[in-house]
Amino acid sequence: MKRVLKTSLVLAAVIAIAANAQVPSWPQPTRDSRPWSYWWWPGSAVDEANLTRELERYSAAGWGGVHIIPIYGVKGAESRFIDYLSPRWMALLKHTVTEAGRLGMGVDMTIGTGWCFGGPEVTEVEAAAVVVSRKWELAAGAALPERIDKRTAQALEAFAPDGRPENLLPLIQDDGAVRWTAGAGGRTVYLVSQKPSGSRVKRAAPGGSGFMLNPFFGQAIRHYMERFTRAFAAYDGPLPRAMYHDSFEYGVNWSPDLFDEFEKRRGYRLQSELPALLGASSDDHTARVKADYRLTAAELLSDNFLPVWTAWCRSRGILTRNQAHGSPGNLLDLYAATDIPETEMFNADRSTVVSKFASSAAHVTGRKLAASETGTWLKEHFTETLADVKNLLDQLWLSGVNHVVYHGTCYSPDDAPWPGWLFYASTEMNPRNPIWRDVPALNSYIARVQAVLQEGSPANDVLLYWPVSDVWHDPQRMTAGLTVHSRAWVEAQEFGKLAQRLLQRGYAADYISDHQLATARAAGGDVELAGGRYRALVVPATRHMPLDTMRRLAALSAAGARVIFDRELPADVPGLQDLETRRAELNRLRAGLKAADAEQALAAAGVEREPMWDRGLECIRRRAAGGRWYFIANRGQSPVEDWIPLATEVRSAVLMDPLTGRAGLAALRRGGEVYLQLRVGESVIVRTYESRRQGAAWSYWKPGAARQELQGQWSVKFLAGGPALPEPHTTARLESWTGWSEAAGRFAGTALYSIRFDAPRSQAAAWNIDLGEVRESARVRLNGRDLGTVFMRPFTVRAEGLKPRGNLLEVEVTGLAANRVRDMDLRKAPWKIFHDINFVGADYKPFDASKWPVRDSGLLGPVVLGALDRFSPR
């Protein structure tokens, strides 16, 4: 429906309602809508009592589940180590899943220890492998200068000057001699074999060390899963919710059956193209051979690797979680092959466009959950704030994620000295970290938002085709991992440029692969898939399109679906076999199609964009009964306070604050515009309805004239933390507590600030209490009434009903662990006591906080009361 964006009179800010009328409530949080966390078990040195204590703490903080990953152990705790999948380990798994269930939590587990798949049962033949090649230039009449190992040789191919190949493999004798000499003009001979890449399970736990398996080699994963079959055959406990495969870090480009698989799938011998595969030419022929090789590798992952372990899990009623990124395969297909696709954002290395690969796979195939590894190397250890986590969360949700998994927490027994047992690549989200005190406020925010984002179905209008063949058509290298870190594979491609442009213009889009397109059908001009209907399918400028895909697009277009080729039609087909025949058919199909500017074509087709993106707001939408859910975040540089148009039919809208839980009917005006007030970093849920609703109105506030800084004596009492509680302090000047004493300078924890004050003489409907600078979070009470927890700028709460005299303001401020860790490193306290990599910083060098400056902590202020007046937007 076409939206009218011009200014118009307000229809009605609020409908008059009865005093007891209610607006629609929040969706009920569930186990899956609450945050989960990676839960590392160092050395698997766990016991029932500590497992239960840890789980109860996580549950009390608002977690929905944990994900067990056994890793290397702690020095001095070797006697507690437990071998992975041993009877004792399985008994502890049973205890964990049982106790989690008692607490309303779930449990996932990695299929292995550390990452990636691998361990002691993986043989050299089944290990992740790389190709090994030798090359000889032989004159006419010359024989090979050395014997060939018949057992390991996979190809021995001679090439004449005109490129004609000759297979010498059958000529290798038992003693390694090759009864052959080079013909006229000489020959170039290639010998191909393989060797283990050397990739071993990273951060392996006891019982889990060994080679990473070869994910291209079906035999390897089949053999690998036999260990789990044996372990679970005698298991009589409740099963984990899901089993997990981490990001692709195998270091592999070959397998023992690659030549056979290639010929079966591509229709020609790869051995006959060894100069192109192994050489350094940059011509189109080389690119086509390597594209065929990469397609084969991708199919081996899709056909021989994923189906084995996913089928093993599903046959037992266990879901599957998979991180496809890093692999050389088709990410959309690999994500979609499991029940819960999972992406990640790493430190400042964040891309909404890349993260949408995982969520698109979920949306297109109708999966309910799209997960994310959340908080990996968010910042340097012990300096991450809850505000930092919230900023990351908002971007992940805008990317289509709706199931965050903290990265993470580490099991630590209660007898371990502070800071306990830790994992290095983590936001230390554990009960020993001071920030844990106010984590429940963040977890409540997550539970509310994700309860919404798990409702209904995605409301994305556009399908954007991903031409992976253009990525694979590259004469350089062998395989190239498609990682979340180095993103030229998407950002340098026309696809990535168009995806970013559509995103910034406010078009809601999902990506689709060649394989997924095969299931698409036209439905009333839309494109219909298992996950829902899309208004249009956009094809970016594509150089190499598989013929089956072009046929499918032409058929969809002929059936009335809106298929838009952005600016140009596909130019060529990928690969080498039957090239001219396939090119001819592509050209015939091209003749019946036209190209157009994608944005202009979308507008002409009535596909609406969300104009709020022009104002610095970002959003993601879900379909709901009789309307939509919107998650809207201000990730820009300026506050937004204005009428914001929504690209949907709106007769009523409810604003819902996920930080506080409050809700009310929004002010609306013609054209589906809702009045929003969002400061930088803030977010809101908007529930729209196509019919009129009744309920309590949302309260809009604006600053009044009165403003008063709180003056007087602040009493400060340290409540919790360490290494010891500093003495109480009284001050008329708010400043970092670190300067008050030596003990305060190394303290990490919480202090209670309290002050009594008289109300300003001016009258106001309410008062804004602005705490100024807070390092780093605060719980606020006024006259014994809880006003909320704040952990991001601006640190403000709203208060009503001030007493004329003697108001008591109490602010419990929690700082970071940084100063305490700094002090420990200055004193060379032995807390970094872990095997393997021990404990490194974000630069992967040994962690040392001794040179850190002392970090400000506490309530820095100034604390200011500001009058607030209600207003009705006009």
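Go through the stretch 75-96 and give me each residue that's of a type in the set (A, V, I, L, M, F, W, C) and closer than 23 Å to residue 246 by Cα.
Of the stretch 75-96, the ones of a type in the set (A, V, I, L, M, F, W, C) are 77, 81-82, 85, 89-93.
Matches in the stretch 75-96: 82, 85, 89, 90, 92, 93.
For the subset of the stretch 697-738 comprising residues that are among the charged types (D, E, K, R) and free of Cβ contacts under 8 Å to residues at least 60 places away in the same chain, which member is most open to solvent (accessible area, probe 1.4 Å)?
Step one: of the stretch 697-738, the residues among the charged types (D, E, K, R) are 702, 707, 709, 717, 727, 733, 735.
Then drop every residue that is not free of Cβ contacts under 8 Å to residues at least 60 places away in the same chain, which leaves 717, 727, 733.
Details: 717: 120, 727: 144, 733: 160 Å².
Among residues in the stretch 697-738 that are among the charged types (D, E, K, R) and free of Cβ contacts under 8 Å to residues at least 60 places away in the same chain, the one most open to solvent (accessible area, probe 1.4 Å) is 733.
Answer yes or no: is there a residue in the stretch 662-677 that is under 16 Å from residue 390 (Cα atoms), out of contact with any Leu (no Cβ under 9 Å at 6 or more places or on another chain) and either surrounded by fewer than 20 Cβ atoms within 10 Å (Cβ to Cβ) or at pLDDT 95 or above (or both). It would help to see each step written out before you state the result.
Of the stretch 662-677, the ones under 16 Å from residue 390 (Cα atoms) are none.
Within the stretch 662-677, not a single residue is under 16 Å from residue 390 (Cα atoms), out of contact with any Leu (no Cβ under 9 Å at 6 or more places or on another chain) and either surrounded by fewer than 20 Cβ atoms within 10 Å (Cβ to Cβ) or at pLDDT 95 or above (or both).
Looking at residue 348 and the list (1) farther than 26 Å from residue 531 by Cα; (2) in contact (Cβ under 8 Å) with a residue 40 or more places away in the chain; (3) of a type in the set (A, V, I, L, M); (4) out of contact with any Ser or Thr (no Cβ under 9 Å at 6 or more places or on another chain), which single condition is not satisfied?
So the condition that residue 348 fails would be (2).
Give the number of residues within the stretch 576-590 that are in contact with a Phe, Trp or Tyr (Cβ under 9 Å, 6 or more places away or on another chain) and either surrounded by 14 or more Cβ atoms within 10 Å (Cβ to Cβ) or at pLDDT below 95 (or both).
Let us first name the residues in the stretch 576-590 that are in contact with a Phe, Trp or Tyr (Cβ under 9 Å, 6 or more places away or on another chain), namely 576-577.
Within this subset, residues satisfying the condition of being either surrounded by 14 or more Cβ atoms within 10 Å (Cβ to Cβ) or at pLDDT below 95 (or both) are 576.
Within the stretch 576-590, residues that are in contact with a Phe, Trp or Tyr (Cβ under 9 Å, 6 or more places away or on another chain) and either surrounded by 14 or more Cβ atoms within 10 Å (Cβ to Cβ) or at pLDDT below 95 (or both) number 1.
Pick from the stretch 733-786 the residues that are among the aliphatic types (A, V, I, L, M) and within 16 Å of residue 719 (Cβ to Cβ): which of them is farthest from the chain's Cα centre (by Cα)? Quick ask: steps written out before the conclusion?
Taking the stretch 733-786 and keeping what is among the aliphatic types (A, V, I, L, M), we get 734, 743-744, 748, 751-752, 755, 759, 764-766, 769, 771, 774, 778, 780, 782.
With the extra rule that they be within 16 Å of residue 719 (Cβ to Cβ), the set shrinks to 743-744, 748, 751-752, 774, 778, 780.
Numbers: 743: 40, 744: 38, 748: 30, 751: 35, 752: 36, 774: 29, 778: 28, 780: 33 Å.
By that ranking, first place goes to 743.
On the given criteria, is residue 320 of a type outside the set (A, V, I, L, M, F, W, C), touching an Asp or Glu at 6+ places or on another chain (Cβ under 7 Å), surrounded by fewer than 24 Cβ atoms within 10 Å (Cβ to Cβ) and not in a helix (DSSP H, G or I)?
Working: of a type outside the set (A, V, I, L, M, F, W, C): yes; touching an Asp or Glu at 6+ places or on another chain (Cβ under 7 Å): yes; surrounded by fewer than 24 Cβ atoms within 10 Å (Cβ to Cβ): yes; not in a helix (DSSP H, G or I): yes.
Yes: the conditions hold for residue 320.
Can you tell which of 781, 822, 827 is of a type in the set (D, E, K, R), buried (at least 20 other Cβ atoms within 10 Å of the Cβ) and either at pLDDT 95 or above or out of contact with any strand residue (DSSP E or B) (no Cβ under 8 Å at 6 or more places or on another chain) (or both)? Give the derivation first.
Working: 781 fails: buried (at least 20 other Cβ atoms within 10 Å of the Cβ); 827 fails: buried (at least 20 other Cβ atoms within 10 Å of the Cβ).
The unique qualifying residue is 822.
Only one of (1) buried (at least 21 other Cβ atoms within 10 Å of the Cβ); (2) within 36 Å of the chain's Cα centre (by Cα); (3) closer than 26 Å to residue 489 by Cβ fails for residue 302. Which number is that?
Of the numbered conditions (1) buried (at least 21 other Cβ atoms within 10 Å of the Cβ); (2) within 36 Å of the chain's Cα centre (by Cα); (3) closer than 26 Å to residue 489 by Cβ, the odd one out for residue 302 is (1).
Out of the stretch 541-569, which residues are part of a loop (DSSP other than H, G, I, E, B), free of Cβ contacts under 8 Å to residues at least 60 places away in the same chain and surrounded by 23 or more Cβ atoms within 10 Å (Cβ to Cβ)?
Filtering the stretch 541-569 for residues part of a loop (DSSP other than H, G, I, E, B) gives 541-543, 545-546, 559-562, 567-569.
So of that shortlist, the ones also free of Cβ contacts under 8 Å to residues at least 60 places away in the same chain come out as 541, 559-562, 567-569.
Of everything in the stretch 541-569, those that are part of a loop (DSSP other than H, G, I, E, B), free of Cβ contacts under 8 Å to residues at least 60 places away in the same chain and surrounded by 23 or more Cβ atoms within 10 Å (Cβ to Cβ) turn out to be 561, 562.
Give me the residue from the stretch 465-496 that is in a helix (DSSP H, G or I), among the small types (Gly, Ala, Ser) and under 19 Å from the mean Cα position of the chain (by Cα) and, out of that set, nearest to residue 635 (Cα to Cα). Quick ask: steps written out before the conclusion?
Of all residues in the stretch 465-496, those in a helix (DSSP H, G or I) come to 468-472, 488-491, 494-496.
After this cut, where a residue has to be among the small types (Gly, Ala, Ser) as well, the list is 469, 488, 496.
With the extra rule that they be under 19 Å from the mean Cα position of the chain (by Cα), the set shrinks to 488, 496.
On the way: 488: 25, 496: 21 Å.
If we take residues in the stretch 465-496 being in a helix (DSSP H, G or I), among the small types (Gly, Ala, Ser) and under 19 Å from the mean Cα position of the chain (by Cα), then 496 is nearest to residue 635 (Cα to Cα).
Name the residue, out of 499, 522, that is at pLDDT 95 or above, within 28 Å of residue 247 (Cα to Cα), open to solvent by less than 70 Å² (accessible area, probe 1.4 Å) and not in a loop (DSSP other than H, G, I, E, B).
Values: 522 fails: within 28 Å of residue 247 (Cα to Cα).
It is 499.
Kindly establish whether residue 460 is in contact with a helix residue (DSSP H, G or I) (Cβ under 7 Å, 6 or more places away or on another chain), of a type in the set (S, T, N, Q) and surrounded by 24 or more Cβ atoms within 10 Å (Cβ to Cβ).
Numbers: in contact with a helix residue (DSSP H, G or I) (Cβ under 7 Å, 6 or more places away or on another chain): yes; of a type in the set (S, T, N, Q): yes; surrounded by 24 or more Cβ atoms within 10 Å (Cβ to Cβ): yes.
Spelling it out, residue 460 is indeed in contact with a helix residue (DSSP H, G or I) (Cβ under 7 Å, 6 or more places away or on another chain), of a type in the set (S, T, N, Q) and surrounded by 24 or more Cβ atoms within 10 Å (Cβ to Cβ).
Considering each residue of the stretch 85-126, count those that are outside any loop (DSSP other than H, G, I, E, B) and out of contact with any Phe, Trp or Tyr (no Cβ under 8 Å at 6 or more places or on another chain), and give that number. Walk me through it before giving the result.
Here is the first cut: in the stretch 85-126, the ones outside any loop (DSSP other than H, G, I, E, B) are 87-102, 106-110, 115, 118-119.
Filter once more, so that each one left must be out of contact with any Phe, Trp or Tyr (no Cβ under 8 Å at 6 or more places or on another chain): 87-89, 91-92, 95-102, 107, 115.
Selection size over the stretch 85-126: 15.
If the Cβ limit is 9 Å and pairs must be 6+ apart or interchain, which residue in the stretch 118-143 that is more than 30 Å from residue 224 (Cβ to Cβ) and in contact (Cβ under 8 Å) with a residue 12 or more places away in the chain pairs with which residue that is open to solvent by 60 Å² or more (accessible area, probe 1.4 Å) and of a type in the set (Ser, Thr, Tyr)?
Matching pairs, first to second residue: 138/181; 140/181; 141/181; 142/181; 143/181.
Within the stretch 838-853, which residues are of a type in the set (A, V, I, L, M, F, W, C) and either open to solvent by 40 Å² or more (accessible area, probe 1.4 Å) or without any contact (Cβ under 8 Å) to a residue 60 or more places away in the chain (or both)?
842, 852 - these are the residues of the stretch 838-853 that are of a type in the set (A, V, I, L, M, F, W, C) and either open to solvent by 40 Å² or more (accessible area, probe 1.4 Å) or without any contact (Cβ under 8 Å) to a residue 60 or more places away in the chain (or both).
Do we find a residue being surrounded by 17 or more Cβ atoms within 10 Å (Cβ to Cβ) and closer than 19 Å to residue 444 by Cβ anywhere in the stretch 635-651?
Checked the stretch 635-651: no residue is surrounded by 17 or more Cβ atoms within 10 Å (Cβ to Cβ) and closer than 19 Å to residue 444 by Cβ.
Any residue in the stretch 288-314 that's in contact (Cβ under 8 Å) with a residue 12 or more places away in the chain: show its pairings with residues that are among the acidic types (Asp, Glu) at Cβ separation under 7 Å, as long as the two are six or more apart or on different chains.
Matching pairs, first to second residue: 289/273; 290/474; 296/261; 300/261; 302/333.
Output yes when any residue across the stretch 117-136 is within 24 Å of residue 323 (Cβ to Cβ) and among the charged types (D, E, K, R), and no when none is.
If we filter the stretch 117-136 for residues that are within 24 Å of residue 323 (Cβ to Cβ), which is where we start, we get 117-122, 126-130.
Adding the requirement that they be among the charged types (D, E, K, R) leaves 121, 126.
For the stretch 117-136, residues within 24 Å of residue 323 (Cβ to Cβ) and among the charged types (D, E, K, R): present.
Criterion first (in contact with a helix residue (DSSP H, G or I) (Cβ under 9 Å, 6 or more places away or on another chain), part of a strand (DSSP E or B), touching a residue at least 12 places away in the same chain (Cβ under 8 Å) and surrounded by 15 or more Cβ atoms within 10 Å (Cβ to Cβ)) does residue 629 satisfy it? Walk me through it before giving the result.
On the way: in contact with a helix residue (DSSP H, G or I) (Cβ under 9 Å, 6 or more places away or on another chain): yes; part of a strand (DSSP E or B): yes; touching a residue at least 12 places away in the same chain (Cβ under 8 Å): yes; surrounded by 15 or more Cβ atoms within 10 Å (Cβ to Cβ): yes.
When the stated conditions are applied, residue 629 passes them.
Any chance you could count how many residues in the stretch 591-612 are crowded, with 18+ Cβ neighbours inside 10 Å and part of a helix (DSSP H, G or I)? Even if it seems obvious, please write down each step before you answer.
Within the stretch 591-612, the subset crowded, with 18+ Cβ neighbours inside 10 Å is 598-599, 601-602, 607-610, 612.
Still in the list and also part of a helix (DSSP H, G or I): 598-599, 601-602, 612.
Here the count works out to 5.
Quick check on this structure: which one of 293, 335 is over 14 Å from the mean Cα position of the chain (by Cα), crowded, with 21+ Cβ neighbours inside 10 Å, in a helix (DSSP H, G or I) and of a type in the set (Ser, Thr, Tyr)? Give the steps one after another, and end with the answer.
On the way: 335 fails: over 14 Å from the mean Cα position of the chain (by Cα).
Residue meeting the stated conditions: 293.
Any chance you could count how many residues in the stretch 28-53 are open to solvent by 50 Å² or more (accessible area, probe 1.4 Å) and either touching a Pro at 6+ places or on another chain (Cβ under 7 Å) or basic (Lys, Arg) (or both)?
Within the stretch 28-53, the first condition is being open to solvent by 50 Å² or more (accessible area, probe 1.4 Å), and the residues that meet it are 28, 30-31, 34, 48-49, 53.
Next cut, either touching a Pro at 6+ places or on another chain (Cβ under 7 Å) or basic (Lys, Arg) (or both) only: 31, 34, 53.
The total comes to 3.
Among the residues of the stretch 373-400, how many are surrounded by fewer than 24 Cβ atoms within 10 Å (Cβ to Cβ) and β-branched (Val, Ile, Thr)?
Looking only at that region, the number is 3.
So is residue 248 in contact (Cβ under 8 Å) with a residue 24 or more places away in the chain, within 21 Å of residue 306 (Cα to Cα) and assigned to a loop (DSSP other than H, G, I, E, B) or not? Steps first, answer last, please.
Values: in contact (Cβ under 8 Å) with a residue 24 or more places away in the chain: yes; within 21 Å of residue 306 (Cα to Cα): yes; assigned to a loop (DSSP other than H, G, I, E, B): yes.
In short, yes.
Can you list residue pairs whose Cβ atoms sit under 8 Å apart, with the first residue in the stretch 393-411 being more than 24 Å from residue 52 (Cα to Cα) and the second being assigned to a strand (DSSP E or B) and of a type in the set (Asp, Glu)? Count only pairs 6 or more apart in sequence or on different chains.
398/618; 400/510
Going by the structure shown, is residue 360 open to solvent by less than 10 Å² (accessible area, probe 1.4 Å) and among the hydroxyl-bearing types (Ser, Thr, Tyr)? Steps first, please.
Details: open to solvent by less than 10 Å² (accessible area, probe 1.4 Å): yes; among the hydroxyl-bearing types (Ser, Thr, Tyr): yes.
Here the answer is yes, as residue 360 does meet what is asked.
The values are calculated or read from the model by the stated rules, or taken from the named source; none is laboratory data. What you see is a predicted model; the values in this text were computed from it and never measured. Counting neighbours? That spans all protein chains shown, and the Cβs are built from the backbone with ideal geometry, glycine included. Accessible surface areas use protein heavy atoms only, side chains included; no ligands, DNA or RNA. Shrake-Rupley method; radii C 1.70, N 1.55, O 1.52, S 1.80 Å.
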